[in-house]
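The values are calculated or read from the model by the stated rules, or taken from the named source; none is laboratory data. On a predicted model such as this, the values are computed, not experimentally measured, just so you know. Cβ atoms come from the backbone with ideal geometry, glycine included; neighbour counts cover every protein chain shown.
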Amino acid sequence: MTKAIKSYGVVSKRLRWGLTIWGWVLLLLIFILVPFLVLTRAYSILAPNRPVKADVLVLEGAVPDYVLDSAVAEFNRRHYKLLITTGTPLEWGHLLIEYGNTANVAASSLKRMGFDTTMLVAVATDEIQNDRTYNSALELGDYLKKFHPEVKSINLMSYGPHARRSQMMFQAALGKDFNVGIISIKSFYYGPDNWWRSSKGFREVINELLGYIYVKLFFVPYSIDVRRKT
């Protein structure tokens, strides 16, 4: 009977691959370990503190106001010779704010705080749609090449989980001859060990984690001349 059914093409026998009990255990461990590693390690990876010996402190302009206090304290503690703010055009409010760029906003705020203007420079970036951090770094490199060619190391100050990606972008833009240290100022709204307990912390860390993966896997550096031609 079975032979007759087979001969008319009603049924067939196929080889099937499937997980063993140990395969299911491994799959379960992966589903447990990946979220655990993200929760416990993501922030420390994204927000490192690795300053280097440098005479120039670079502050990303798009930071909360309380980071400005940290920048002044860092500048005085390590006796830098120059503080440079970087940034891109404001995405909102530029019609009401005369400075128009986060680099200028940060520099003007530091001046209002009494910071020595002879040690302060704002390096602003023109309107761009993509790679805002990277293009800020390109403008910084162009400025240093023109006015401070002797500078080969900087410390970059950034905000929370954005720090690691910023360091990667600045290092790529400035080149292998530069030593880019990083200083991450933790968020006022959430801590490094409990960021997933607040919506703001969860959104920022996960967003920066995805950005970090994108830079690692897909981002291709380009020169400032290439950008200006596009």
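Where the second residue is of a type in the set (S, T, N, Q) and assigned to a helix (DSSP H, G or I) and the first is at pLDDT below 95 and crowded, with 18+ Cβ neighbours inside 10 Å and lies in the stretch 127-151, which pairs have Cβ atoms under 6 Å and are six or more apart or on separate chains?
Hits for this filter: T133/S166.
Residues are listed down the side, and each one gets a yes or a no for (1) part of a loop (DSSP other than H, G, I, E, B); (2) in contact with a Phe, Trp or Tyr (Cβ under 9 Å, 6 or more places away or on another chain); (3) modelled with pLDDT of 95 or more:
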site	(1), (2), (3)
R14	yes, no, no
W17	yes, no, no
T40	no, no, no
A54	yes, yes, yes
A62	yes, yes, no
Y66	no, yes, no
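Do the conditions hold for G181, that is, is it of a type outside the set (D, E, K, R), modelled with pLDDT of 95 or more and on the phi < 0 side of the Ramachandran plot?
Yes, satisfied.
Would you point out the residue of the stretch 152-185, among those that are of a type in the set (G, A, S) and assigned to a helix (DSSP H, G or I), that is surrounded by the fewest Cβ atoms within 10 Å (Cβ to Cβ)?
The qualifying residue surrounded by the fewest Cβ atoms within 10 Å (Cβ to Cβ) is A172.
Being under 20 Å from the mean Cα position of the chain (by Cα) and modelled with pLDDT under 95 is the filter; apply it to the stretch 74-102 and report the residue that is surrounded by the most Cβ atoms within 10 Å (Cβ to Cβ).
Per the criteria, the residue is G87.
Condition first: touching a Phe, Trp or Tyr at 6+ places or on another chain (Cβ under 6 Å) and not charged (D, E, K, R). Now tell me which residues in the stretch 191-219 satisfy that.
Within the stretch 191-219, P192, W195, W196, S198, G201, F202, V205 qualify.
Test V226 against the criterion of being out of contact with any strand residue (DSSP E or B) (no Cβ under 6 Å at 6 or more places or on another chain), among the aliphatic types (A, V, I, L, M) and surrounded by fewer than 11 Cβ atoms within 10 Å (Cβ to Cβ), and give yes or no.
Judged against the criteria, V226 is a match.
From (1) touching a residue at least 12 places away in the same chain (Cβ under 8 Å); (2) surrounded by fewer than 15 Cβ atoms within 10 Å (Cβ to Cβ); (3) under 19 Å from I45 (Cβ atoms), pick out the condition that doesn't hold for F202.
(1)
If you go through the stretch 68-78 one residue at a time, do you hit one that is under 29 Å from K216 (Cβ atoms), assigned to a helix (DSSP H, G or I), of a type in the set (G, A, S) and in contact with a helix residue (DSSP H, G or I) (Cβ under 9 Å, 6 or more places away or on another chain)?
yes
Please go through the stretch 103-126 and pick out each residue that is aliphatic (A, V, I, L, M) and crowded, with 18+ Cβ neighbours inside 10 Å.
Correct list: A103, V105, A106, A107, L110, L120, V121, A122, V123, A124.
Can you tell me which of (1) hydrophobic (A, V, I, L, M, F, W, C); (2) outside any loop (DSSP other than H, G, I, E, B); (3) farther than 22 Å from T88 by Cβ is the one F188 doesn't meet?
(2)
Exactly one of these conditions fails for Y189: (1) farther than 28 Å from F75 by Cβ; (2) over 16 Å from the mean Cα position of the chain (by Cα); (3) not polar (S, T, N, Q). Give me its number.
(1)
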